[in-house]
Amino acid sequence: MNFIVSSSTLRKGLQQIGGVLNASNSLPILDNFLFELSGQDLTISASDIENTMRTKVVVDEGKEDGKVAVPAKLLMDILKNFADQPLSFSIDTGNFGIEISSDYGKYKLVGQNAGDFPKGQELENANEITISGDIIVNAIDKCLFATGNDDLRPVMSGVFFEFSEDKLNFVATDAHKLVKYTRTDGVANKSADFILPKKPLNLLKQNITSEDSISINYNDTTVRFSFNEIELTSRLIDGKYPNYEAVIPVENPNVLTVDRISFLNSLKRVSIFSNKTTHQVRLKVAGSELSISAEDLDFSNEAKERLTCNYVGDDIEIGFNSKFLLEMLNHLTCNEVILEMSEPNKAGILLPVDKENDSEKILMLVMPVMIR
Amino acid sequence: MDAFYASVEQLDNPELKGKALAVGGDGERGVIAAASYEARKFGVKSAMASSLAKKKCPHLIFVPPRFDRYKEVSNAIRNVFYRYTDLVEPLALDEAFLDVTENITRHSSATAMAKDIRKDILEETGLTASAGISINKFTAKIASDMNKPNGQKTIKPHEVVPFLEQLPIHKFFGVGKVTAEKMKRMGIFNGAHLKAHSEAFLRTQFGKSAGHFYNIVRGVQHSPVKAHRERKSIGTERTLRENIHLQEDIEAMVSKLAKESFNRLERSQLFGKTITLKVKFSDFTQITRSKTLESTIQSEEEIYNEAHELFFKEPPKKSIRLMGISISNLLKNEEHKPPSPEQLLLDF
């Protein structure tokens, strides 16, 4: 098995899928990339059992089809240190000896039997939907930060994909905050849903661009995203996603409209003075004035700022974790935001006022920190 | 400790040494708190009415108790204990259980260790002590009484069962006067007799205590030496001079009790969450009502308001002879944090 490939082309391909590799593996074979040569097509795979990602690189010259597992770290490290140049790989499929020749010299390493590399997950009875990369890119960007880390509730550690015939919903929550991202410019031919874990979400985020067209194949246990030359197959999170619609309050008579950047900057300054455990900031709205304050009794620190706003509703004083508010405001891009509230012990809802995209709806919800 | 209060008095005042001495009041209604061994020879015992003691021993010398001094000596003794083990469960000023299972002083036996402890106590306080050594608290306590004063007794594991079999029934832990009488009527005079009965039979006679009796006579007592006896509740109660039934009187009483129990909380530097109201009526029936708050009690008013609500949510129709308020669910000062803001969760 021999081929000649541009060092930068190969490096790019490996970087696309390298994120799948775990820092430490119980199975040594998982520390390898699987190289499969067929004509001029070199398919490279990486796997952590749960996720398998493959990409295709076109080699300049290929001789003798074959496959071998190549130590990933060694290969990535040497590739980083080459200026772009053709590399010639010559692999002895009998003893898995790999010899790389560059302009500078020769490098030898020993691979492993390709047969030991885990087979990718089968995807039987799969449904298919094709959507634009823009939807996935935005959905991940808006939702990923709101996912939970609670091992006891694994369903909340991923993003909920909910497809229907008139819209696509993407939902994330950690029980403190919740994001629901809706797109009406992508639809499925039948309703379906699944929960995608964080790792594949991050891998998609790294590799998908808005211009891509993504084909998603899924069944009850597995999903496969295919775009460009990349294919990512992931095991889904098993379990029932919480009934998120039920916790989104409908009646929110108190509506605050405020400039997003001013609000964000105020919060950044005031939150420095908040308690280091609760990160609580108080929002007090009366008339058209929003006051933002925080205090840390342990150190006698306190801060208070005032902002002008538009407000419809009864005067209210409500506490929030400033970290959550900051994250949410940071993930919006609009100029003005609406904060809808009902009671100091009920969720606040953050909505963008101006939208870049008419077929997009964003709802962010955050539970208060009770003021005592 | 042997005749603790009396021995301390004799130690501090050498003139009293070798004399029949009683600590306690010698008045009309006085009671003996402790008697020296010299006085005991005349049949003077602790808890005896002073008037009776005087009859038994006309030359008996009465000394008023000095509890601060006893406490001081008690601390000195406890400090000796703590050199041998951390697991010390004080039973009284002059008595404690020590769990020496973990032999940190590397003594060859518990018997040898007891000798050293008694030697240390004598050297450091000038007082003699007696010790009982055995496999559980009950047998150790019985053993400690066997070679008093200034002696010790070890009941070895294989001796425990024969020892208990011959032990008179009233000596058993948990057998008071009434139970002893009942057992004697049933022909149970010692451990062996008690052992002859099945647990099921004992249950029919003694209910809940059956398991305890069944086990203890077999040398089984799973009661660990509790190093820190923590307070479970704090509070106060009052029997009223006259029964009350008017709302204003009741409110005044609740207010008084709230104030007192809050003061006690503060003095002991404890914080509590549960308020319990106890009321005893003229007919001697009694009710308790309690409520647990979300955060610890911070003020007297809080106690008053909660107790008031507990009482008046269903005001009893009878007149009241006793009222009490107690605070439980206690936290120590250092464990207690002021109520902190709470992050609410979505209701999934």
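Couple of notes before you dig in:
- Flag if residue B:120 is within 17 Å of residue B:143 (Cα to Cα), touching a residue at least 40 places away in the same chain (Cβ under 8 Å) and surrounded by 13 or more Cβ atoms within 10 Å (Cβ to Cβ): no
- Evaluated against (1) modelled with pLDDT under 95; (2) under 17 Å from residue B:343 (Cβ atoms); (3) not β-branched (Val, Ile, Thr), residue A:326 falls short on exactly one condition, (1).
- Residue list for segment A:236-257, filter: part of a strand (DSSP E or B) and either touching a helix residue (DSSP H, G or I) at 6+ places or on another chain (Cβ under 9 Å) or of a type in the set (S, T, N, Q) (or both): A:254, A:257
- Subset of segment A:127-149 (residues that are within 22 Å of residue A:221 (Cβ to Cβ), outside any helix (DSSP H, G or I) and either among the hydrophobic types (A, V, I, L, M, F, W, C) or in contact with an Asp or Glu (Cβ under 8 Å, 6 or more places away or on another chain) (or both)): A:129, A:131, A:147, A:148
- Filtering segment B:329-340 to residues that are of a type outside the set (A, V, I, L, M, F, W, C) and at pLDDT below 80 leaves B:332, B:333, B:334, B:335, B:336, B:337, B:338, B:339, B:340.
- Counting only strands (runs of 3 or more DSSP E) wholly contained in segment A:267-372, the ones carrying 3 or more residues that are away from every other protein chain (no Cβ under 14 Å) occupy A:280-286, A:289-296, A:301-308, A:310-312, A:336-341, A:348-352, A:360-366.
- Selection within segment A:251-267 - within 21 Å of residue A:143 (Cα to Cα) and β-branched (Val, Ile, Thr): A:261
- Condition check for residue A:23: at negative phi, within 24 Å of the chain's Cα centre (by Cα) and in a loop (DSSP other than H, G, I, E, B): yes
- Sole residue being of a type in the set (Lys, Arg), more than 24 Å from residue A:370 (Cβ to Cβ) and touching a strand residue (DSSP E or B) at 6+ places or on another chain (Cβ under 9 Å), chosen from B:291, B:256: B:256
- Checking residue B:89 against (1) among the acidic types (Asp, Glu); (2) under 23 Å from the mean Cα position of the chain (by Cα); (3) assigned to a loop (DSSP other than H, G, I, E, B), the condition it does not meet: (3)
- Filtering segment A:3-28 to residues that are over 18 Å from residue A:77 (Cβ atoms) and modelled with pLDDT under 95 leaves A:26, A:27.
- Scanning segment B:210-227 for residues that are out of contact with any helix residue (DSSP H, G or I) (no Cβ under 8 Å at 6 or more places or on another chain) and among the β-branched types (Val, Ile, Thr) returns a single hit, B:220.
- Qualifying residues in segment A:158-173 (those that are more than 14 Å from chain B (Cβ to nearest Cβ) and part of a strand (DSSP E or B)) - the one surrounded by the most Cβ atoms within 10 Å (Cβ to Cβ): A:159
Listed here are the residues, each with its yes/no results for (1) surrounded by 20 or more Cβ atoms within 10 Å (Cβ to Cβ); (2) in a strand (DSSP E or B); (3) within 14 Å of chain B (Cβ to nearest Cβ); (4) of a type in the set (Phe, Trp, Tyr).
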{"residue": "A:156", "(1), (2), (3), (4)": "yes, no, yes, no"}
{"residue": "A:175", "(1), (2), (3), (4)": "no, no, yes, no"}
{"residue": "A:205", "(1), (2), (3), (4)": "no, no, no, no"}
{"residue": "A:232", "(1), (2), (3), (4)": "yes, yes, no, no"}
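- Inter-residue pairs, beta-carbon under 9 Å, first under 14 Å from residue A:11 (Cβ atoms) and in segment A:78-99, second of a type in the set (S, T, N, Q) and part of a loop (DSSP other than H, G, I, E, B), 6+ apart: A:78/A:102; A:82/A:102; A:85/A:102; A:86/A:102; A:87/A:102
- Unmet criterion (only one of (1) outside any strand (DSSP E or B); (2) within 14 Å of another protein chain (Cβ to nearest Cβ)) for residue A:262: (2)
- Only one entry in B:240, B:277 is farther than 30 Å from residue B:200 by Cα and either crowded, with 16+ Cβ neighbours inside 10 Å or at pLDDT 90 or above (or both), namely B:277.
The values are calculated or read from the model by the stated rules, or taken from the named source; none is laboratory data. Given the structure is predicted, the values throughout are model-derived calculations rather than measurements. When we count neighbours, we look across all protein chains shown, and the Cβ atoms used for this are built from the backbone with ideal geometry, even at glycine.
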